[in-house]
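Each remark here refers to the structure printed beneath this line.
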Amino acid sequence: MSANDRVINGNLIVERFGTWPSFHDAEVISVLLSGHRPKQPSCEMVVDGWMMTNKVDARGYYVSEKHSLVTFRFEELIASDFSNFNDQNCLSSLWIEEEPFQNESALRVQLPTNYGLEGSALCRRVVVASVQPCDENGQPASEG
């Protein structure tokens, strides 16, 4: 079992994209850290991701498809280390691995950067709260 298999509602990502994407060049839109009691600390992160195709448009750029706003929630946050958040937070990738913590299994979310936000979070659970179709600018797709 991979760490991605432990992501609650991870099937929403696979259903939308057809596979678990690398999130290469995906943009982190927002990060919300919450430590309000009685709940455990948590982090909610919205990422604008897509699938790159092997098609090339008239300008010579690779065509991307299935643009989506993916909302991750890192529950029972044990540790977090985020830096360089700015007006464009382009990830190199987003990956999750199991890591022992106090004789139990935890999940480490790694966010290497191309530009802007970088960091990691260690938590007990990773939840995909939603996967919402959007346009190429990260704006939610209109209904109908």
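The values are calculated or read from the model by the stated rules, or taken from the named source; none is laboratory data. Only a predicted model underlies this, so the values are computations on that prediction, with no experimental measurement involved. Note: ideal-geometry Cβ built from the backbone for every residue, glycine included; neighbour counts use all protein chains shown.
Identify the single condition in (1) out of contact with any Phe, Trp or Tyr (no Cβ under 9 Å at 6 or more places or on another chain); (2) at pLDDT below 95 that Glu65 does not satisfy, given that it satisfies every other one.
Exception for Glu65: condition (1).
Please enumerate the residues belonging to the range 3-34 that are part of a loop (DSSP other than H, G, I, E, B), surrounded by 11 or more Cβ atoms within 10 Å (Cβ to Cβ) and out of contact with any Leu (no Cβ under 9 Å at 6 or more places or on another chain).
Those that are part of a loop (DSSP other than H, G, I, E, B), surrounded by 11 or more Cβ atoms within 10 Å (Cβ to Cβ) and out of contact with any Leu (no Cβ under 9 Å at 6 or more places or on another chain): Asn9, Gly10, Trp20.
Suppose we keep only residues that are among the acidic types (Asp, Glu) and closer than 19 Å to Gly119 by Cβ within the range 1-43. Which one would you say is modelled with the lowest pLDDT?
The selected residue is Asp25.
Can we say Ser130 is within 14 Å of the chain's Cα centre (by Cα) and under 13 Å from Ile29 (Cα atoms)?
no
Does Arg59 meet the test of being over 12 Å from the mean Cα position of the chain (by Cα) and over 24 Å from Gly18 (Cα atoms)?
Answer is yes for this residue.
Among the residues of the range 33-56, what is the count of those that are of a type in the set (D, E, K, R) and under 15 Å from Pro21 (Cβ atoms)?
So the answer is 1.
Going residue by residue through the range 48-68, is there one that turns out to be of a type in the set (Ser, Thr, Tyr), in contact (Cβ under 8 Å) with a residue 40 or more places away in the chain and in contact with a helix residue (DSSP H, G or I) (Cβ under 6 Å, 6 or more places away or on another chain)?
yes
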